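Student: The structure follows.
The values are calculated or read from the model by the stated rules, or taken from the named source; none is laboratory data. Source: prediction; values computed, not measured. Ideal geometry is used to build each Cβ from the backbone, glycine not excepted, and the neighbour counts take in all protein chains shown. The accessibility values were calculated without ligands, DNA or RNA, using every heavy atom of the protein model including side chains. Shrake-Rupley method; radii C 1.70, N 1.55, O 1.52, S 1.80 Å.
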Amino acid sequence: MSAVMDAVGALPPRTGDRVIQFREALREAMSEEMRNDERIFLLGEEVAQYKGAYKVSEGMLEEFGPKRIIDTPISENGFAGLAIGAAMYGLKPIVEFMSWSFSLVAADQILNNAPKMLYMSGGQWGCPAVFRGNDGAGGQLGSTHSWCVEALYANVPGLKMAIPSCPYDAKGLLVTAIRDPDPVFFLESERMLGDKAHVPEEQYAIPFGQAYKHREGDACTLVSFGRPVNFCLEAADELATDGIEVDVLDMRTIRPLDIDSIIESVKKTNRIVIVDQSWPFAGIASEVMAQVCERCFDWLDHPPVRVTTDDVPTPYSKVLEQAYLPNAGKIVKAVKGAL
Amino acid sequence: MPKRIAYKIEIESISILDEHANFDESLGAGTLRDDEAVFLYEQMTIVRHYDEIAFKLQRSGRMGTYPQNKGQEAAAAGAGFAIKKHAPGSWLVPCYRENLALFLNGLPMEKILLHWMGDERGNQIPDGVNILPISIPIGTHPLHASGLAWSLKYRERVMKEARDNSVVISFFGDGASSEGDVHEAMNFASALKLPAIFLCQNNRWAISVPISKQMGSETVVQKACAYGMHGVQADGNDIFAMYKVTRDAIERASNDMKPTFIEAVTYRLGDHTTADDARRYRDPKEVEAWFNKDPLIRTRKYLEKKNLWSADKQTALEAKAKEMVSQIVKNAEGIAKPTSDDIFDYTFATLPDEIIRQRDTMHTHSLGQNPSQETLNAHTHAGAR
């Protein structure tokens, strides 16, 4: 499958003047699906009365009532397991983790149960649940609250994982996630919830496993997902001032991974820089790198390059956290080093 | 200010048919009819034989690890029968020591053997039978039971579907009551007012760890009472007591949307599983005392006292059990082995292209999985520059 640049199929235009926040795009996806399908309900800490810790579910309690928008006790393992049981008997839960960092206490339910139910029951009980929440460094939240769970969790077969980088994709991918019959891990970023961009009013579903090509160029392939895609675009602007044009690919989903689009781009540029806002060891960037080496080694004119964080727990201090995370400057340097 | 009592609980313990086959008429009236008691005695005997054959199958290499149910048949019989009679169609969410409750509610008997023979098709439950596959990780499944109970309530209240009398019952042991999942399941059932029954078979041993080392509490059931849930203890080797407390719990769940915790006090007469040898850590005197409390012995004595049972009937039953179980073993062993492409089935609701490719080629993109390296050649040389 080729990475798409423009709207394909029935997808509405990405540009326009209906500018809303990332969090509103998420809310629109959930609310419209809930209007059309009463099997869907939202549960999590603070999602009802408090409108969500990050106000993603504002107005949803008023519209759908307390039977469908459910405040839970602080019990991630509990409500994740409850959702799995409900999904096994015909409902479609959306579980909000205030942070994916807190999902670690629910690891057995979300990793050892949700993705295996269908398999272990010989196809009888699937788990059409969406688990969503903030992932990655939120800005001085300290090491225990700044988890990037994608590498750890994407290792498990049976689940799907989407990581949007902008409001348009957030809405379209969340719609797909909710309609999907398998468990979907949907990773948002606290740092992007206030980002504003055009989002079509209509409901649209972006297919999983299809990268989006934000920018075209032949000097290097720049691949990322989630928040750092935005750093890649900044970097690409800067590189362009030096006459360096790069392909910028937003993977959008990690599981399934649109590796074909990456390979296609590498065969054109012969260079790849992978940007991942998590640790270098056994990360998503490592996986992309491994597959690139297996599938188009002979096309590479430079070893694949990763831009990741340092291999340390996320620092608490503002300056140290900034130094730890990928940014446009590091990406520019990495691309130039690969040329 | 004077001190006041913030909270006080009393927990009933129910015993109707004791180990000497004394029957408490005041509590036992209106529980199981004679024909039902006979039926359950027969079922327990068949399942005991099934258990012994399963043990032998393992010992002769025809089956994997198996956890014997021996000694705990009455808890499964009384509870399973109450569900069958008063709340048919309810969800049963088992661990692995309540085979009879599952059989009473429609699970074909070869399924359990098939499961322990290492065939996941043993987990395929026939349509219309609301039983989840047996759960081996300890205590993770009561959360699913709470989720199913939530779904029952949600479908009734939001989607306006008929619930009939359906409830959800989960089975687990004293060992599982130390797991956080079980406590979260209880908390949710209580906070969300769910039609759920938690049935803890306290067989006094979590593999080799006795109850005295597992918890500081006098009973298991008092843990549930901390969540504001009704709790009751019952003699788990007494089909009448188990039937009664489960029937009451069904009413509470179905009519009042209130969960119940039942602690069935019983004993694991056998080893934890066939991979265990309990003689290494249990006092033989303790085991002997519990052999005398065997549910089969007391139920038979009770039936004999009431002239409902005889030596002839016993002989006939044992012959029937042998024949039945032998046929069940044949059924389980007669199922064709799965083919290797079955590995990929049911990974997702719809198999993605990548999984289909792996199934068709039997290798991933990892070159080491593909000695011929056709994938590599195809990718690198076809379009080499």
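Student: Determine the dipole magnitude for segment A:219-326: charges of +1 sit on the beta-carbon of Lys and Arg, -1 on that of Asp and Glu, nothing else is charged, the reference point is the Cα centre, and the result goes in debye to the nearest 20.
Tutor: Computed charge dipole of segment A:219-326: roughly 240 debye.
Student: Which shape class applies to segment B:13-333: rounded if a/c is under 1.5, otherwise prolate when a/b exceeds b/c and oblate if not, where a ≥ b ≥ c are the square roots of the Cα gyration tensor eigenvalues?
Tutor: rounded
Student: Can you give me the angle between helix A:76-88 and the longest principal axis of chain A, using Cα atoms only, in degrees from 0 to 90, rounded to the nearest 10?
Tutor: Around 80 degrees separate the two axes.
Student: With the solvent-accessible surface defined on protein heavy atoms using a 1.4 Å probe, which residues belonging to segment A:271-300 display a reduction of at least 50 Å² in accessible area in the multichain context relative to the isolated chain?
Tutor: A:294, A:295, A:298, A:299
Student: Additional query: Can you tell me the accessible area per residue over segment A:212-338, all protein chains present, probe 1.4 angstrom, in square angstrom?
Tutor: I get 39 Å² per residue for this part.
Student: Also: How many Cβ atoms of partner chains, on average, are near each residue of A:68-81 if near means within 10 Å of its Cβ?
Tutor: Partner-chain Cβ atoms within 10 Å, mean over residues of A:68-81: 5.
Student: Residue separation times 0.36 nm, minus the C-alpha to C-alpha distance between residue B:10 and residue B:364: what's the value?
Tutor: Going from the current span to full extension adds 121.4 nm.
Student: Just to confirm the number: angle between the C-alpha axis of helix B:142-157 and the first principal axis of chain B, 0 to 90 degrees, nearest 10?
Tutor: Helix B:142-157 sits roughly 80 degrees off the main axis of chain B.
Student: Return the carbon/sulfur percentage of the accessible area of segment A:212-338, one whole number, probe 1.4 Å, all protein chains in place.
Tutor: So the carbon and sulfur contribution to the accessible surface is 54 percent.
Student: Between beta-carbons, use under 11 Å as the cut-off and find the net charge around residue B:222, counting Lys and Arg +1, Asp and Glu -1.
Tutor: Residues near residue B:222 contribute -2 overall.
Student: Okay, moving on. Quick check: at a probe of 1.4 Å, how many percent of the accessible area of chain B sits on carbon and sulfur atoms?
Tutor: 50
Student: Using the heavy atoms of the protein chains alone and a 1.4 angstrom probe, what is the accessible area of segment A:19-198 per residue in square angstrom?
Tutor: The answer is 29 Å² per residue.
Student: Something else about it: Accessible area per residue of segment B:251-346 at 1.4 Å probe, in Å²?
Tutor: Accessible surface, normalised per residue, equals 57 Å².
Student: Follow-up question, since we're still on this one. Quick check: pseudo-label points 7 Å beyond the Cα along Cα→Cβ at residue B:226 and residue B:160, how many nm apart are they?
Tutor: 4.3
Student: In addition: For residue A:55, what charge total do you get from the other residues with a beta carbon under 11 Å from its beta carbon, if Lys and Arg give +1 and Asp and Glu give -1?
Tutor: Summing Lys and Arg as +1 and Asp and Glu as -1 gives 0.
Student: Let me ask something else about it. For the pairing of chain B with chain A, what total accessible surface becomes buried, with a 1.4 angstrom probe, in square angstrom to the nearest 100?
Tutor: Interface between B and A: roughly 4200 Å².
Student: Could you name every residue in segment B:138-160 that has 50 Å² or more less accessible surface in the full protein assembly than in its own chain alone (probe 1.4 Å, ligands and nucleic acids excluded)?
Tutor: B:143, B:144, B:150, B:154, B:155, B:158, B:159
Student: Count the net charge of all other residues whose Cβ sits under 14 Å from the Cβ of residue A:109, scoring Lys and Arg as +1 and Asp and Glu as -1.
Tutor: -4
Student: What are the residues of segment B:95-137 that lose 20 Å² or more of accessible area, with a 1.4 Å probe, going from their chain alone to all protein chains?
Tutor: Buried on complex formation: B:120, B:123, B:124, B:125, B:132, B:133.
Student: Greater than 29 Å separation of Cα atoms is the criterion. Which listed pairs, A:67/B:8; A:116/B:322; B:293/B:320; B:111/B:160; B:3/B:258; A:116/B:244, meet it?
Tutor: Flagged as over cut-off: A:67/B:8; A:116/B:322; B:111/B:160; B:3/B:258; A:116/B:244.
Student: Rounded to the nearest 10 Å², what accessible area does residue A:233 show when all protein chains are kept and the probe is 1.4 Å?
Tutor: 50
Student: Still on this structure, please answer the following. Over segment A:24-128, calculate the relative contact order: mean separation of alpha carbon pairs under 8 Å at least 6 apart, over the residue count, as a percent.
Tutor: 26
Student: Mind pulling the angle between the C-alpha long axis of helix A:284-296 and the longest principal axis of chain A? Nearest 10 degrees, somewhere in 0 to 90.
Tutor: The helix A:284-296 is inclined about 50 degrees to chain A.
Student: Across segment A:212-338, how many lysine pairs, 8 or more positions apart or on different chains, have C-alpha atoms separated by under 19 Å? Please give the number.
Tutor: 5
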